[in-house]
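A.B. asks: Structure incoming, see below.
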Amino acid sequence: MRVCSRYGLMGRLKRILLWVLGVYITIPFLVKLCPSIQAKLVFLNFVRLPYFIDLKRPQDHGLNHTYNFYLQPETGVNIGVWHTVPDQMWKEAQGKDREWYDSTFKSPYPVMLYLHGNAGTRGGDHRVQLYKVTIHPFFHTSLVVPGWGDSDGSPSESGMTSDALFLYQWMKERVGSKPLNVWGHSLGTGVATNLVRRLCDRGTPPNSLVLESPFTNIREEAKSHPFSMVYRYLPGFEWFFLDTISANDIRFASDENVDHISCPLLILHAEDDSVVPFHLGKKLYNIASQSKSLSGHKLQFIPFPVSLAYKHKFIYRSPELPHILRYSN
């Protein structure tokens, strides 16, 4: 009886093992045959955490000095934007309309265009918390990424870059000669360097660029990402996965872009970041330090030690961050 039971258990374990092995082998071929799957895994815009929030009401997230509105980079496409004013203007901001918020671009405070990373929405908690840091006490902030949350469209590298350029120009028309800065986090750093490269090539660089948890290029990031761990040593890994990313025209080549950027550059990275490993941010800084276009511009790399446990999303917790931002420009 016990022998039969043991053989039955072994049989079930063998079936489970074969099933797991079958799934493991099937996934690379499925990704290769359907490249759009890989694009979705890069952008993760279908992951809309937190659920059941109204992005039209930023005050529900403690941002009662923030206005939600929508811009149209092209006909029929709306992208959601949050505009937050510095804390000196919080009381005055209560209950104000978009016309009032637009008028605040003429205030003496610098402005930050923030481009967030993949997954979630502009209402994600770590983004909201960072929002509060960047506006205290001297920054306006505007947040946008197309294809996420209630924004229209499906994300692509070219589309995200074009939309970021559209918003930057929209903001520039309103701020005039006042400082306008660009901040990217995670995947948003790739969009940010694409945007700033375009601006610098036109001879109109922003006042500064901040890269939080950046990578060198999407291939190196995908190879280093925790999700790739189970396939990293599989024969043909690059052909199955990395070449498929390239087939989707996704590059996010920040390591190339820094050779064309001519404005102050600040890189922030936590040493215990497991999503975008610290060594990629450090490598990008080393490449930037050799860039001729950045010669003569302030270039900083600020690491956050493991003991702080800031990981990928929590650099906003640093009490030094407002001071770092103030003196990096």
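A.B. asks: Keeping to pairs on different chains or 8 or more places apart, tell me how many lysine pairs in the range 204-329 have Cα atoms under 27 Å apart.
C.D. replies: 14
A.B. asks: In terms of modelled amide H atoms, which long-range or inter-chain residues lie less than 5 Å from the amide H of GLY80?
C.D. replies: Amide H neighbours of GLY80, under 5 Å, 5+ apart: SER151, ASP152.
A.B. asks: Quick check: from the Cα gyration tensor, does the chain come out rounded (a/c under 1.5), prolate or oblate? Can you show the working numbers first?
C.D. replies: Details: a/c = 1.97, a/b = 1.66, b/c = 1.19.
Judged from the Cα gyration tensor, the chain comes out prolate (a/c at least 1.5, a/b above b/c).
A.B. asks: Enumerate the aspartates and glutamates that LYS32 could reach by cross-link, defined here as Cα to Cα under 16 Å, with residues fewer than 8 away along the same chain left out.
C.D. replies: GLU238, ASP243, ASP249
A.B. asks: Any idea what the dipole of the range 207-296 comes to, in debye rounded to 20, about its Cα centre with Lys/Arg Cβ at +1 and Asp/Glu Cβ at -1?
C.D. replies: Working: 7 positive and 12 negative charges, 30 e Å.
Magnitude of the dipole: close to 140 debye.
A.B. asks: With the other protein chains left in place, how much accessible area per residue, in square angstrom, belongs to the chain at a 1.4 angstrom probe?
C.D. replies: Accessible surface, normalised per residue, equals 48 Å².
A.B. asks: Regarding the range 223-297, what's the average projected area of the Cα-atom convex hull, expressed in nm²? Don't skip to the answer; put the middle values down first.
C.D. replies: On the way: hull surface 24.1 nm².
Approximately 6.0 nm², given one-decimal rounding.
A.B. asks: A further question on this structure: Apply the membrane-span-like helix rule to the chain: whole DSSP H runs, Cα extent along the own long axis of at least 20 Å, mean Kyte-Doolittle hydropathy at least 0.0. List the helices found. Walk me through the numbers before you get to the answer.
C.D. replies: Numbers: long enough: 2-33 (46 Å, 0.95); 157-175 (27 Å, -0.37); 187-201 (22 Å, 0.39).
Length and hydropathy pass: 2-33, 187-201.
A.B. asks: In addition: Between ARG251 and GLU92, with labels modelled 7 Å along Cα→Cβ, what's the label distance in nm to one decimal, could you check?
C.D. replies: Roughly 4.5 nm, to one decimal.
A.B. asks: Give me the percent relative contact order of the chain, please, defined on Cα pairs under 8 angstrom at least 6 residues apart. Could you put the intermediate results ahead of the total?
C.D. replies: Numbers: 581 pairs, mean separation 51.3, N = 329.
Relative CO of the chain lands at 16 percent.
A.B. asks: Tell me, what % of the accessible area of the range 28-99 is carbon and sulfur with a 1.4 angstrom probe? Don't skip to the answer; put the middle values down first.
C.D. replies: Values: 2370 of 4180 Å².
With neighbouring chains kept in place, the figure for the range 28-99 is 57 percent.
A.B. asks: Between GLU74 and SER158, what is the spin-label point distance in nm, taking each point 7 Å from the Cα along the Cα→C-beta axis?
C.D. replies: Between GLU74 and SER158, the simple spin-label model gives 0.9 nm.
A.B. asks: Would you work out what percent of the accessible area of the range 230-276, with all protein chains in place, is carbon or sulfur (probe 1.4 Å)?
C.D. replies: Carbon and sulfur atoms account for 53 percent of the accessible area of the range 230-276.
A.B. asks: About its Cα centre, what dipole magnitude does the chain give when the only charges are +1 on Lys and Arg Cβ and -1 on Asp and Glu Cβ, stated in debye to the nearest 20? All intermediate terms of the calculation are to be shown ahead of the outcome.
C.D. replies: Working: 35 positive and 28 negative charges, 200 e Å.
Here the size comes out at about 960 debye.
A.B. asks: Next question, about the same structure. DSSP beta bridges in the chain, what fraction antiparallel, as a percent rounded to 5?
C.D. replies: Details: 10 of 34 bridges.
Counting DSSP beta bridges with both partners in the chain, the antiparallel share is about 30 percent.
A.B. asks: Something else about it: Would you list which aspartates and glutamates come within 13 Å of LYS106, measuring only between C-alpha atoms, while excluding same-chain residues fewer than 8 positions from it?
C.D. replies: GLU173
A.B. asks: Additional query: What is the range 178-329 by shape, rounded, prolate or oblate, if you read a ≥ b ≥ c off the alpha carbon gyration tensor as root eigenvalues and call it rounded for a/c under 1.5, prolate for a/b larger than b/c, and oblate otherwise? Numbers along the way, then the final one.
C.D. replies: Details: a/c = 2.30, a/b = 1.30, b/c = 1.77.
Because a/c hits 1.5 or more and a/b fails to exceed b/c, the range 178-329 counts as oblate.
A.B. asks: Something else about it: Out of SER293, VAL133, THR104, whose Cα points farthest toward the positive end of the dipole of the chain (charges: +1 Lys, Arg; -1 Asp, Glu; placed on Cβ)?
C.D. replies: In the chain, that residue is VAL133.
A.B. asks: Okay, moving on. Hey, can you rank 74-84, 11-21, 250-260 by average C-beta count inside 10 Å, highest first?
C.D. replies: Details: 74-84: 17.9, 11-21: 10.0, 250-260: 21.3.
Those peptides, ordered most packed to least, come out 250-260, 74-84, 11-21.
A.B. asks: Please compute the contact order of the range 197-293 in relative form: average sequence separation of alpha-carbon pairs under 8 Å and at least six residues apart, divided by the residue count, as a percent. Kindly include the intermediate steps, with their values, before the conclusion.
C.D. replies: Numbers: 120 pairs, mean separation 43.9, N = 97.
Computed value for the range 197-293: 45 percent relative contact order.
The values are calculated or read from the model by the stated rules, or taken from the named source; none is laboratory data. None of these values were measured; they are calculated from a predicted model. Cβ sites come from the backbone with ideal geometry, for glycine too, and all protein chains shown count toward neighbours. The protein model used for the area step is the full one, side chains on, heavy atoms only, and it has no ligands, DNA or RNA in it. Shrake-Rupley method; radii C 1.70, N 1.55, O 1.52, S 1.80 Å.
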